[in-house]
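Written out below as structure tokens is the structure these notes cover.
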Amino acid sequence: MLCCLRSPLFMMFRFRTTPLPPGPKPWPLVGNLPEMLINKPTHLWIHNLMSQMGTDIAHIRLGNVHVIPVTCPEISRKFLREHDAVFASRPYCMSAEVVTKGYHTIFSMPVGSRWENTKKIIASHVLSPVKHHWLAGKRLEEADNLVRFVYNQCVSYDKTGMVNVRTVAQHYCGNVIRKMLFGRRYFGTGKEDGGPGVEEEEHLEAIFTMLKCLYSFCISDYLPWLRRFDLDGHEKVTREATMIAGKYHDPIIEERINQWEKGTKTAEEDLLDVLINLRDADGNQLLSKDEIKGEVTELMVATVDNPSNALEWALAEMLNQPEILEKAVEELDRVVGKDRLVLESDIPNLNYIKACIREAFRLHPFAPFNVPHVSISDQIVSGYFIPKDSRVLLSRKALGRNSNVWEEPLEFKPERHLNNNGAKVELKESELRFISFSTGRRGCPGVTLGTSITVMLFARLLQGFSWELPPNQSKIDLSEAGDSLFLAKPLVALAKPRLPKNLYPVN
Ligand code: HEM
């Protein structure tokens, strides 16, 4: 009987008779692309459509691609846990192809042995606990530079203490990953006060442009024959940003490969050395030059967005609710004290800080949707037929704001993440009640590094400085940008040093 139920004929019958998730009626050939194009930004159109239909899962046909957005944790877990093996692939699309120069990164590779092997290699040789520990000194240098840069904005004679928090947070993340990868903070000569030089500004802008373009709703991803016309201009923007990043990365990578080949470099000092020296059991190099370049871009892109966006939003929310800010600072004073700067070894004990970060990830994710997951075969999920090659988009925004899961979902309340039993707070959220590092085969391999960077960013800024609203301002405007989930205006706040002077790093 059981084998009858699994027979190909029976499965075909089941697939044929099971409905697609609800969604707007598609036009012939173009599907719902016309609606997508007149309802920008697309993420708002999709979310509005779903709430009007009262559904947590939808089917939207864009060109001939089935797009399946999901807004509740139960159904999300079915995709990423119960049927993870079916939904672990990624789409072929313009932005991923251009940014990764032909899918040379883990996040962009379709499921298969190449992706599996590369992910295993990077997880066990590059993002491993041993390598994380090895590079602790480099991360500490950048945590010190973060404090120095903000301090210099408070005390220099012409400075007011007004700090652009977005700039500080984004550049700290960029500095950490550049230092870990290339052993340097600056591509050029940098700035005396610890801030970014023009090169770092250009580099980071290019990385954030790449992030904005990646998997954005580009016409040619749904009607590939239109690609050469680049109707929405996405390809031009993506190519320019990729070229700028390459202008900084490639000469360093090529020179380093040369140094190892000529034998003028013999000791590994950073992750680029590690990537170049990866070998299989027979001593053959594991990554080609293009793959090394792809991996460098991947590690840059993966590191800068989530931590900096979480810090900016959380601090904006906390400036409007100073009691939360006080609790976070009280925890730092209790756990670390005021005689030394907070260190990575304090992270396990900073539960309130981690609760603030989880709350920022929940309420203010960097992107509206998770990276797309593509199905490798037909599947029935939650009573709906999901055709092969569907692109499943878990909504980071709607999961975190789902009122069936979260009380007062639009309120910033870190307390909801504290464990009653006193257990340590973690940034991971495997139940997908919101998305931090996601879960399953495609789950993020950078949890340890991502946690260290994010917690140190929060903890150093809150321990080192008291933060206030700018003069003549009674509240921070918490509007979203609209075309993205960024705070509409970069957060500017007043910082004042709060520790003994000798603790502030001078260079
Ligand atoms: C707080 C920081 C971070 C957050 C919140 C985060 C979150 C995520 C998310 C949501 C995904 C997509 C998972 C999915 O498809 O279901 C992902 C994938 C990925 N992340 Fe992270 N990440 C962070 C930091 C990092 C860091 C520091 C690295 C490495 C330097 C990294 C490397 C990757 C890679 C390589 C993937 C692709 C995995 C795959 O496709 O198999 N991430 N991350």
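Please treat every number below as a calculation from the coordinates, not as lab data. Worth saying up front: this structure is predicted, and the values here are computed from it rather than measured. Heads up, the Cβs are rebuilt from the backbone with ideal geometry, glycines too, and the neighbour counts pull from every protein chain shown.
Restricting to the stretch 66-85, and then to whatever is more than 14 Å from the ligand (Cβ to nearest atom) and in a loop (DSSP other than H, G, I, E, B), can you tell me which residue is surrounded by the most Cβ atoms within 10 Å (Cβ to Cβ)?
The qualifying residue surrounded by the most Cβ atoms within 10 Å (Cβ to Cβ) is 71.
Please state which one of 434, 458, 465 is crowded, with 17+ Cβ neighbours inside 10 Å, within 27 Å of residue 105 (Cα to Cα) and of a type in the set (Phe, Trp, Tyr).
Going through 434, 458, 465 in turn, just one is crowded, with 17+ Cβ neighbours inside 10 Å, within 27 Å of residue 105 (Cα to Cα) and of a type in the set (Phe, Trp, Tyr): 434.
Looking only at helices (runs of 4 or more DSSP H) that lie completely in the stretch 118-206, which have at least 3 residues being within 21 Å of the chain's Cα centre (by Cα), surrounded by fewer than 17 Cβ atoms within 10 Å (Cβ to Cβ) and on the phi > 0 side of the Ramachandran plot?
Filter on the stretch 118-206 gives an empty set.
When both residues are 6+ apart or on different chains and their Cβ atoms are under 7 Å apart, which pairs have a first residue that lies in the stretch 105-127 and is closer than 27 Å to residue 269 by Cα, and a second that is outside any helix (DSSP H, G or I) and more than 8 Å from the ligand (Cβ to nearest atom)?
Every condition considered, the pairs that remain are 121/278; 121/286; 125/278.
Could you pull out the residue among 405, 425 that is closer than 24 Å to residue 369 by Cα and either more than 9 Å from the ligand (Cβ to nearest atom) or within 21 Å of the chain's Cα centre (by Cα) (or both)?
405
List pairs: first in the stretch 425-440 and over 17 Å from residue 453 (Cβ atoms), second within 9 Å of the ligand (Cβ to nearest atom) and aromatic (Phe, Trp, Tyr), Cβ under 7 Å, 6+ apart or cross-chain?
Cβ pairs passing all conditions: 434/361.
Tell me yes or no: at least one residue of the stretch 410-417 is assigned to a helix (DSSP H, G or I) and within 16 Å of the ligand (Cβ to nearest atom).
The answer is yes, given that some residue of the stretch 410-417 is assigned to a helix (DSSP H, G or I) and within 16 Å of the ligand (Cβ to nearest atom).
Tell me, yes or no, whether the stretch 385-395 has at least one residue that is touching a Leu at 6+ places or on another chain (Cβ under 6 Å) and either surrounded by fewer than 20 Cβ atoms within 10 Å (Cβ to Cβ) or in a loop (DSSP other than H, G, I, E, B) (or both).
So far as the stretch 385-395 goes, yes, one or more of its residues are touching a Leu at 6+ places or on another chain (Cβ under 6 Å) and either surrounded by fewer than 20 Cβ atoms within 10 Å (Cβ to Cβ) or in a loop (DSSP other than H, G, I, E, B) (or both).
Could you please give the count of residues in the stretch 449-469 that are farther than 11 Å from residue 307 by Cα, touching a Leu at 6+ places or on another chain (Cβ under 8 Å) and either within 11 Å of the ligand (Cβ to nearest atom) or of a type in the set (A, V, I, L, M, F, W, C) (or both)?
5
Please tell me if residue 256 is buried (at least 17 other Cβ atoms within 10 Å of the Cβ) and basic (Lys, Arg).
It is true that residue 256 is buried (at least 17 other Cβ atoms within 10 Å of the Cβ) and basic (Lys, Arg).
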